[in-house]
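S.K.: My questions all concern the structure below.
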Amino acid sequence: MTSISANLKGTEATELARWHHGEQSIPEWLASGPDRERVVEALVRVLDRPGLGGVFARVLASWLELDIDQVYASHYPRKAAWLARECRERGENPHAENLQAALVALMFCANCGRPLTDPLSADRGIGPDCWPRIDPAAIECRSSQQLSLDPRDRARPGSQAARAR
């Protein structure tokens, strides 16, 4: 109990004091050794409330020994992608990179948070719909691949595929 409170400074300790689990304060609840799954459930609920439980979420993640960005990305991938984009715009690059790394590791698009199903997208961490926005050259590459992969082009003399041979 003291170790949690001892690491917090002024306003953070005051903010944590507002939070309770039943009749117990959060440090008391965690000191009582609650079931890990219940603590994870509480953390996920708090993470869905932006700005309301910063210290509370950090304390729970610390007790669980989990990376808070990875938990957020695994439960709210689209929100995590938006948050990463906002962090980058504010200049908080390390936080944005941590969120993006968590999304990619979980096979979600680092740009929009949608699941990645195709292997190429999973390798680069960006889905096929977002990739042209990230890399404009991908549009040209995709259109040239479609032309050369069309079996009718291969059969026609003088086609792009025939000239490439």
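The values are calculated or read from the model by the stated rules, or taken from the named source; none is laboratory data. What you see is a predicted model, and the numbers here were worked out from it, not measured in a lab. A quick note on method: Cβ atoms are made from the backbone with ideal geometry, for glycine too, and the neighbour counts reach across all protein chains shown.
S.K.: On the given criteria, is Pro34 at pLDDT 90 or above, of a type outside the set (Val, Ile, Thr) and not in a helix (DSSP H, G or I)?
M.R.: Details: at pLDDT 90 or above: yes; of a type outside the set (Val, Ile, Thr): yes; not in a helix (DSSP H, G or I): yes.
Yes.
S.K.: Based on what the data block shows, is Asn98 assigned to a loop (DSSP other than H, G, I, E, B) and without any contact (Cβ under 8 Å) to a residue 60 or more places away in the chain? Full working, then the answer.
M.R.: On the way: assigned to a loop (DSSP other than H, G, I, E, B): no; without any contact (Cβ under 8 Å) to a residue 60 or more places away in the chain: yes.
No; evaluated as a whole, the condition is false for this residue.
S.K.: Report, by residue number, each residue of region 101-123 that is assigned to a loop (DSSP other than H, G, I, E, B), out of contact with any strand residue (DSSP E or B) (no Cβ under 8 Å at 6 or more places or on another chain) and over 15 Å from Ile134 (Cα atoms).
M.R.: Selection gives Leu106, Thr117, Asp118.
S.K.: Hey, another quick one. Could you say whether any residue in region 68-78 is closer than 28 Å to Glu12 by Cβ, assigned by TED's automatic domain parsing to the domain that holds Thr14 and outside any helix (DSSP H, G or I)?
M.R.: No, region 68-78 contains no residue that is closer than 28 Å to Glu12 by Cβ, assigned by TED's automatic domain parsing to the domain that holds Thr14 and outside any helix (DSSP H, G or I).
S.K.: A further question on this structure: Is it fair to say Glu89 is assigned to a helix (DSSP H, G or I) and modelled with pLDDT under 85?
M.R.: Working: assigned to a helix (DSSP H, G or I): yes; modelled with pLDDT under 85: no.
The answer is no for Glu89.
S.K.: Separate question: Identify all residues within region 2-17 that are loosely packed, with under 12 Cβ neighbours inside 10 Å, part of a helix (DSSP H, G or I) and either of a type outside the set (S, T, N, Q) or at pLDDT below 80 (or both); write none if there are none.
M.R.: Residues of region 2-17 that are loosely packed, with under 12 Cβ neighbours inside 10 Å, as a first pass: 2-3, 6, 9-11, 14.
Pick out the ones that are also part of a helix (DSSP H, G or I) and you get 2-3, 6, 10-11, 14.
Listed by number, the residues that qualify are Thr2, Ser3, Ala6, Gly10.
S.K.: Sort out which residues of region 99-119 are in contact with a helix residue (DSSP H, G or I) (Cβ under 9 Å, 6 or more places away or on another chain), surrounded by fewer than 18 Cβ atoms within 10 Å (Cβ to Cβ) and not small (Gly, Ala, Ser), and write them in order of number.
M.R.: Taking region 99-119 and keeping what is in contact with a helix residue (DSSP H, G or I) (Cβ under 9 Å, 6 or more places away or on another chain), we get 99-116.
Then keep just the ones that are surrounded by fewer than 18 Cβ atoms within 10 Å (Cβ to Cβ); that gives 101, 105-107, 112, 114-115.
Passing the criteria: Leu106, Met107, Cys112, Arg114, Pro115.
S.K.: To continue, here is another question. Considering only residues that are touching a Gly at 6+ places or on another chain (Cβ under 6 Å) and of a type in the set (A, V, I, L, M), which ones fall in region 41-79?
M.R.: The one that is touching a Gly at 6+ places or on another chain (Cβ under 6 Å) and of a type in the set (A, V, I, L, M): Val46.
S.K.: Taking into account only those residues within region 123-143 that are among the hydrophobic types (A, V, I, L, M, F, W, C) and at pLDDT below 85, which is nearest to the chain's Cα centre (by Cα)? Break it down into steps so the answer makes sense when it comes.
M.R.: So in region 123-143, the residues among the hydrophobic types (A, V, I, L, M, F, W, C) come out as 126, 130-131, 134, 137-139, 141.
Checking the rest, the ones that are also at pLDDT below 85 come to 134, 137-139, 141.
Details: Ile134: 17, Ala137: 26, Ala138: 24, Ile139: 26, Cys141: 28 Å.
Of everything passing the filter in region 123-143, Ile134 is nearest to the chain's Cα centre (by Cα).
S.K.: If we keep just the residues of region 57-85 that are buried (at least 20 other Cβ atoms within 10 Å of the Cβ) and in contact with a Phe, Trp or Tyr (Cβ under 9 Å, 6 or more places away or on another chain), which is nearest to Phe108 (Cα to Cα)?
M.R.: Ranking the qualifying residues of region 57-85, first place goes to Pro77.
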